[in-house]
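Here's the structure, in structure tokens; my notes come after.
The values are calculated or read from the model by the stated rules, or taken from the named source; none is laboratory data. Source: prediction; values computed, not measured. So basically every Cβ, Gly included, is an ideal-geometry build from the backbone, and we count neighbours across all protein chains shown. Ligands, DNA and RNA are stripped out before the accessible areas are found, and what is left, the full protein with its side chains, is counted by its heavy atoms. Shrake-Rupley method; radii C 1.70, N 1.55, O 1.52, S 1.80 Å.
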Amino acid sequence: LRAERGCDKMESPAFSFNFRVKIYNDRDSMGKAAACDAGAYMRKLLKIKDEINCIFAAAPSQNEFLKYLAMQDIEWSRVNAFHMDEYIGLKKGDERLFASFLKANIFDKVRFKKVYYMEINEASIDEGIREYEELLAEHPVDIVFMGIGENGHIAFNDPHVADFRDNKTIKVVDLDEKCRMQQVHDGCFPSLEEVPKYAVTLTIPALMRATKIFCIVPSATKAEAVKLTVLGEVTEKCPATILRKHSDATLYLDREAGKYLIQEVE
């Protein structure tokens with residue numbers, strides 16, 4: 001299966017004409033297709049820009065995509081990398097940090113021009129946020145590579161803290177229990193008690209400022225959130241629904257994540 005539909009053809013409110021949904025048979029083909037599309041777009045941008053700036057999500061849902069992205073023929077020396085969120089309370093170097101995940105899965109696999117880690121010291125959170133905000137202001141975002149959480153979050157903008165009109169670029173958030181349990185389901189932590197309760201995250205407006213968004217979402221655990229994202233009301237109750245308002249966003253799904261959408265079009 002490879003279902004691809006421009007969402008202007010689907011019966012759902014508030015679609016951008018440039019919001020697309022692509023569904024593949026499995027995680028591997030989904031990740032490979034997203035990486036091929038991303039590589040093509042990055043090469044296109046690098047023909048007209050000296051360098052480009054990309055923000056990466058850190059989660060097991062991105063594994064296949066990142067594997068194939070690292071294989072793309074791209075002038076990585078002209079690409080700057082950022083990440084979109086980070087836990088508060090874990091020690092530097094902890095393998096469960098998102099910085100550690102991205103370092104292992106993409107940042108150490110290709111030679112970026114520069115990798116800007118979101119290093120937030122618990123003793124100076126405000127200073128760390130201010131420094132990262134300054135870096136993002138100096139490097140306007142071209143591309144965001146993201147996923148969607150089981151509760152519909154994007155980055156760590158869980159429903160209870162999501163704000164489509166947020167006036168901040170980065171903020172401290174408390175993580176809801178469903179979000180924290182997802183980290184257990186993903187095998188990142190052995191129990192809920194070990195998952196940090198707080199994090200820093202790029203806000204929704206900060207993510208939406210990207211010129212292009214690639215959203216990669218596999219597995220049945222995300223199927224309900226995906227259905228709401230594509231077919232539900234655009235609301236902070238499911239933060240990912242805001243992607244339908246973006247001028248150029250594509251949602252890549254495996255069959256399990258897209259199962260409710262497949263039912264809609266069959």
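Qualifying GluC sites (Glu not before Pro) in region 191-252, where qualification requires a DSSP coil assignment and no more than 12 other C-beta atoms within 10 Å, comprise Glu233. Residues Met42, Met208 ordered from highest to lowest accessible area at a 1.4 Å probe: Met208, Met42. Pairwise Cα distances in region 221-266 exceed 16 Å in 36 percent of cases. Counting lysine pairs in region 95-212 whose alpha carbons fall under 21 angstrom apart, excluding pairs fewer than 8 residues apart on the same chain, gives 8. Of the labelled figures (1) 1.33; (2) 1.23; (3) 0.94, only one reflects Cα Rg over 2.2 N^0.38 Å as derived from the coordinates, namely (3). Judged by the ratio a/c of the largest to the smallest principal axis of the C-alpha gyration tensor, region 164-266 counts as oblate, that ratio being 1.5 or greater while a/b is no larger than b/c. Taking amide H atoms as placed 1.01 Å from N in the peptide plane, the amide H of His83 lies under 5 Å from those of Phe56, Met118, each 5 or more residues away in sequence or on another chain.
Take the alpha carbon gyration tensor of region 23-62, find the square roots of its eigenvalues, order them as a ≥ b ≥ c, and report rounded if a/c is under 1.5; if not, report prolate when a/b exceeds b/c, else oblate. Oblate.
With every protein chain left in place, what is the accessible area per residue of the chain in square angstrom, probe 1.4 Å?
Details: 12030 Å² over 266 residues.
With all protein chains present, the chain gives 45 Å² per residue.
Using 0.36 nm per residue and subtracting the Cα-Cα separation, the extra length available between Val172 and Ala70 on full extension is 33.7 nm.
The alpha carbon gyration tensor of region 77-144 gives principal lengths a ≥ b ≥ c with a/c of 1.5 or higher and a/b no greater than b/c, which makes the shape oblate. Rounded to the nearest Hz, the phi-derived 3J(HN,Hα) couplings of region 140-145 under the Karplus curve 6.51 cos²θ - 1.76 cosθ + 1.60 (θ = phi - 60°) are x, 6, 8, 9, 10, 9, where x marks glycine and proline. Annotation: Val172 carries an accessible surface of approximately 70 Å², with a 1.4 Å probe and no ligand, DNA or RNA atoms counted. Please give the FRET efficiency for Asp26 paired with Ser191, using the beta carbon to beta carbon distance and R0 = 51 Å, rounded to the nearest 0.05. According to the calculation, E is roughly 0.95. Counting only DSSP H runs of at least 4 residues, each contributing -39500 (n - 2.57), and dividing by the residue count of the chain, the helix-based mean residue ellipticity at 222 nm comes to -8000 deg cm²/dmol.
Largest to smallest in accessible area, the residues Leu46, Leu135 fall in the order Leu135, Leu46 (1.4 Å probe, all protein chains included). Based on Cα contacts under 8 Å between residues 6+ apart, the chain shows a relative contact order of 25 percent.
Taken about its Cα centre, the chain carries a charge dipole of about 920 debye when Lys and Arg each add +1 at the Cβ and Asp and Glu each add -1 at the Cβ.
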